[in-house]
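The values are calculated or read from the model by the stated rules, or taken from the named source; none is laboratory data. Computed from a prediction, not measured in an experiment: that's the story for all the values here. Glycine gets a Cβ as well: all are built from the backbone with ideal geometry, and neighbour counts include every protein chain shown. The area values use the complete protein model at the heavy-atom level, side chains included, leaving out ligands, DNA and RNA. Shrake-Rupley method; radii C 1.70, N 1.55, O 1.52, S 1.80 Å.
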Amino acid sequence: MASQLSVTFTGLRFENPFLLASAPPTESDGNIMRAFDAGWGGVVTKTIGLHPVINVAGPKTKFLRATPDSPQLSMQKRPGTALHSSWNWELISDKPLDWWIPRISRIKQAHPNRILVASIMAGSGSDHELAKWQTLATACQDQGADALELNLSCPHMDRKDMGSNIGKDTELISIVAQVVKEVARVPVWAKLTPSTTDIVVEARGAFLGGADAITSSNTFPSLPLFDPQSLEFEVNVDGLVSSGGLGGPAILPLSLAKMSQLTQAFPGQAFSGIGGIADFTHALNYFLLGCGTVQVCTAAMLDHAIGPNVIRELNAGLTHFLEKNAGKGWTRVDDLVGLRRDRVVAQSKIRRPTEKDYRGGYDAEGYAAVEEVPVKK
């Protein structure tokens, strides 16, 4: 049987399971249509809101780079470095809903068979604020958006009733999801923050409110590094900085840990994995843990903004993997979803060595060799 790249996720058919995440690459209709032309199965718009948004007076996104032969980490471009992570303190779209409405319609007219997900955000401190979620949801779906992603995870919002501040409150998550579901005619995804004690609790609130899927993880709250010469933050405005979001390769293991918790707690639910994906081997981790789709940001930003080479390699990697494993009955992504979810267990279930073989962990990489103490005769 020939392998197939298409997937059905929350009732929507995607030509492939790879999406551009809500981020700077999806801030315009031009970029989104270029992304679809490049081959992405889906695109999540830059988060759309109703409140005025003005970004900082300075760089909004920077990339932290590592030097392979030294411990140096810096955002300065240097030859021979490798990408460590991305860092941004960019707010949601600074373009109003009226700007987005005709463009959502135009995108769908140009690409009727590709999935466009509208990311939306409002407050939660009053009925007036909650009604804004419905205004956004209705407007976007009326113009053809195939799904809605609720931004409950942006780490940059000062308002206590927005972004990740909602995402840390189970009751508010449930209320927002329920409010949107009251008017939604399309699937509703809840994008949760990783900055929480137990993401399973927040996910339960989303599902109780009616969410059709969970997206995880958004970026991790973080600060840029100080420049050791100037003693200034590598990113700053007038010497000042606030917490931003860390993404890229550095967060891949962290995001996988969050996703493992989620898919084990809710094995029958739908999940879209995000965090650190640059090639198919990274995406495969999310599929094996239980994700039906994955989303990409940092790698795409570094590849002509919308990742034409990244999506080509993702599709090629998936095709090669399925063809190589067709004999095992793996011909589509669904055959991989959750296949290794049960391999993550509690510490107490990991086998311990016998007393004779126990070395207290000192055989690990980086430790000095254990000295053999001569036995006295």
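The condition of being exposed (fewer than 14 other Cβ atoms within 10 Å of the Cβ), modelled with pLDDT under 95 and of a type in the set (Lys, Arg) holds for only one of 349, 377, that being 377.
Within the stretch 210-221, residues that are at positive phi sit with their Cβ atoms under 7 Å from residues that are of a type in the set (Gly, Ala, Ser), at 6+ positions apart or across chains, in these pairs: 210/177. In summary, residue 110 fulfils each of the numbered conditions (1) touching a helix residue (DSSP H, G or I) at 6+ places or on another chain (Cβ under 6 Å); (2) closer than 27 Å to residue 196 by Cβ with the single exception of condition (2). Counting only residues that are within 19 Å of the chain's Cα centre (by Cα) and in a loop (DSSP other than H, G, I, E, B), which one in the stretch 178-211 is nearest to residue 47 (Cα to Cα)? The qualifying residue nearest to residue 47 (Cα to Cα) is 193.
Scan the stretch 39-51 and tell me whether some residue there is closer than 22 Å to residue 317 by Cβ and open to solvent by 10 Å² or more (accessible area, probe 1.4 Å). Yes, the stretch 39-51 contains at least one residue that is closer than 22 Å to residue 317 by Cβ and open to solvent by 10 Å² or more (accessible area, probe 1.4 Å).
Of the strands (runs of 3 or more DSSP E) that lie entirely inside the stretch 59-144, those containing 3 or more residues that are modelled with pLDDT of 95 or more and open to solvent by less than 20 Å² (accessible area, probe 1.4 Å) span 82-88, 115-120. Scanning the stretch 201-238 for residues that are aliphatic (A, V, I, L, M) and within 21 Å of residue 75 (Cβ to Cβ) yields a total of 5.
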